[in-house]
Amino acid sequence: MATITLDKLVKSYGKARVIHGIDLEVRDGEFVVFVGPSGCGKSTTLRMIAGLEEVSGGEIRIGDNVVNELDPKARNIAMVFQNYAIYPHMTVRQNIAFGLYTTKLGKEEKNRRVEEAGRILGLTPFLDRRPAALSGGQRQRVAIGRAMVREPAAFLFDEPLSNLDAQLRAQMRIEIKALHHRLGTTIAYVTHDQVEAMTMADRIVVMRDGHILQSGPPMEIYDDPVDVFTARFIGTPSMNILPGREADGRAVADGDGGLLFGIRPQDLLVREGAVAADALELTGTVTAVEPLGPETLVHFDLAGQPVIATAPARAVPEVGSQVSAQAARSEIHRFDRKTERSLGRRR
Amino acid sequence: MTAATATAREARPLPMARLRPGRIVTWTVLFIGGVLMVTPLLFMFSTSLKDAGQIYDLRLIPEDPTLANYFEVLGDGRFLRWFLNSSLVAIAVTLSNVFFDSLVGYTLAKFRFRGRQFVFLAILSTLMIPTEMLVIPWYLMSANFGWLDTYWGIMFPGMMTAFGTFLMKQFFETVPDDFLEAARIDGLNEFAIWWRVAMPLVTPALSALAIFTFLGNWTAFFWPLIVTTSSELYTLPIGLTSFAVEQAIRWEMIMTGAALATIPTLIVFLLLQRYIVRGVMLAGLKG
Ligand SMILES: Nc1ncnc2c1ncn2[C@@H]1O[C@H](COP(=O)(O)OP(=O)(O)OP(=O)(O)O)[C@@H](O)[C@H]1O
Ligand SMILES: [Mg+2]
């Protein structure tokens, strides 16, 4: 168990700087998820923590030790890769035991740990199979088992679920979270899937272009994104962003003015009848509807700008018809139009 | 309309497809080619089973087969010696290639270092120099170092090959870096990563390389002929030639020697058929 501290961490490839001095403190036992678009430097950061990439500047500490110059094996971390990295020429048992390759444990203890990991991950019936005879989810479990037997100070995951189909991904999310609960080991987890981030993390770290934009518990980031990028990145469908201004403390989304209003589709409700006094009402022509069961996503056109709202399940508006949707004042995020930084909500 | 007629109608196109004219031509050509290649081999074995009186009787199945020729050839101690020489040379060179070609290929494929591209091009460029041009430098080198007429003299030019290095490099490039990095995190040193992780992942390429190298060295003629002078160091092809000269027109003896020399090749082929076909496809460019 250990904390991981990044202190003004920098990575450059030649002249190109890809990580611009990031600071982060991962607490002991915390599950931290790095999210961000492709190329933002998530993997690079994780690989520097693992010791697979050299650090160009700043410091990485695991526990109290500065590990910048340490070999991966000396850092007492384990890593799980996107394509599993389990070896086709070895059985499941050998693959899991490979995590103990250099440890000086007795044979008995090694066996015990392998069996234990197999049991926890539901791999006991497959221990003597080759990876080729396993499903994608089982392979990923083998990779996790291999990391587990080491009993490392921290686990690093780099997009471990992105090769799995949606259903399996949902299941593995829960399993990994349960595993974290059970082992209590620090986890740093990289993904570009914001659902994974929201569902698994104790804390989300949103990255973009080698900077950390925001870090905090999932609901904090969801409720109070610091800028337009984070606001749109977390939550599906993405938050609607509408330029406008305020008049008498009310939002006016008419395209003019120095503000951007952000409204999550879940907070923009298609509704007939009277408008609450301080609510924002938007009216437009329906371009598409997506019935999801419990609710329906309604895409409509607001003076040339696409907007997504939510309608109750049984009230699906027709494409081409006019709809009107309302958002309560307290659900409207406000951003500075120039800097795209958040100005908070009026509550 | 019954199900049966429907099935019959659907089934008809299949045999037609199999007997397309293109296929007939392909099969005919392959068959003729096969016969052309196999016939001399069969005659070699057949002749080796005949006694001197029957060798001009061109029946494929000898009237009165005998193993006497084999006893006579094997009874001559030199033959066994050549056989062992060839085995030693071919096996040693094969092991060396499997080890060093893949070590260098791996380094070129998986490590970034200054001059890597230059080293690779330098190795590759030697592929374009024909053996005939290298024989004189090799000979001078052997003469200077006192390697003439030694096993090492026979073997050294082939201990590493540009082709093998190139082949292995191409294959190691297909091994995902994750596999190696996972091992690095598990604490293996670089040599162990290569040996325990990377090598098992390229076994098809390794077997192709081993088979080509073994067969190439088993049948090598030009260089062993030049570098050896004493009959104890002859490899089988050289020994057989001198044997043929000696035996003048005793064809049954010459054929017996040739048959004995062919047997290991056949064994290698029969045992490793699967790998050879795959290897030829993999290596593709082997001239
Ligand atoms: N070996 C390298 N040489 C030069 N630039 C590199 C190298 N590796 C990564 N980069 C650059 O560093 C930046 C960050 O890459 P990184 O792999 O960390 O992105 P990521 O956030 O993991 O993206 P993804 O979601 O696509 O995996 C990218 O712009 C990439 O082009
Ligand atoms: Mg990545």
For the stretch A:15-30, indicate whether the set of residues that are among the small types (Gly, Ala, Ser), assigned to a helix (DSSP H, G or I), surrounded by fewer than 23 Cβ atoms within 10 Å (Cβ to Cβ) and within 7 Å of ligand 1 (Cβ to nearest atom) is non-empty. no
Quick test of your reading of the structure: B:Ser207 fulfils all but one of (1) over 30 Å from A:Met79 (Cα atoms); (2) in contact (Cβ under 8 Å) with a residue 60 or more places away in the chain; (3) more than 14 Å from chain A (Cβ to nearest Cβ). Name the failing condition by number. (3)
Test A:Leu52 against the criterion of being surrounded by 14 or more Cβ atoms within 10 Å (Cβ to Cβ), within 12 Å of ligand 1 (Cβ to nearest atom) and part of a loop (DSSP other than H, G, I, E, B), and give yes or no. yes
Conditions (1) under 30 Å from A:Gly39 (Cα atoms); (2) surrounded by 15 or more Cβ atoms within 10 Å (Cβ to Cβ): number failed by A:Val298: (1)
Can you name every residue in the stretch A:273-294 that is more than 20 Å from A:Gly344 (Cβ to Cβ) and in contact (Cβ under 8 Å) with a residue 24 or more places away in the chain? A:Val275, A:Ala276, A:Glu281, A:Leu282, A:Thr283, A:Gly284, A:Thr285, A:Val286, A:Thr287, A:Ala288, A:Val289, A:Pro291
Take the residues in the stretch A:319-347 that are without any contact (Cβ under 8 Å) to a residue 60 or more places away in the chain and in contact with a Phe, Trp or Tyr (Cβ under 8 Å, 6 or more places away or on another chain); name whichever of them is farthest from A:Arg264 (Cα to Cα). A:Val323
Only one of B:Phe163, B:Phe179 is within 14 Å of chain A (Cβ to nearest Cβ) and surrounded by 14 or more Cβ atoms within 10 Å (Cβ to Cβ). Can you tell me which? B:Phe179
Taking the stretch A:191-213 and the residues there that are assigned to a strand (DSSP E or B) and either farther than 20 Å from A:Arg17 by Cα or assigned by TED's automatic domain parsing to the domain that holds A:Arg264 (or both), the one that is farthest from ligand 1 (Cβ to nearest atom) would be A:Arg203
Say whether the condition of being without any contact (Cβ under 8 Å) to a residue 60 or more places away in the chain, buried (at least 22 other Cβ atoms within 10 Å of the Cβ) and within 16 Å of ligand 1 (Cβ to nearest atom) is met by at least one residue in the stretch A:83-94. yes
Of all residues in the stretch A:1-56 being within 16 Å of ligand 2 (Cβ to nearest atom) and touching a Pro at 6+ places or on another chain (Cβ under 9 Å), which is farthest from A:Glu159 (Cα to Cα)? A:Leu52
Okay, strands (runs of 3 or more DSSP E) sitting entirely in the stretch A:279-347 with 1 or more residues that are more than 25 Å from the chain's Cα centre (by Cα), I get A:280-291, A:295-302, A:305-312, A:322-327, A:333-336
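The values are calculated or read from the model by the stated rules, or taken from the named source; none is laboratory data. Computed from a predicted model, the values in this text were never measured in an experiment. FYI the Cβ positions are ideal-geometry reconstructions off the backbone, even for glycines, and counts take in every protein chain you see.
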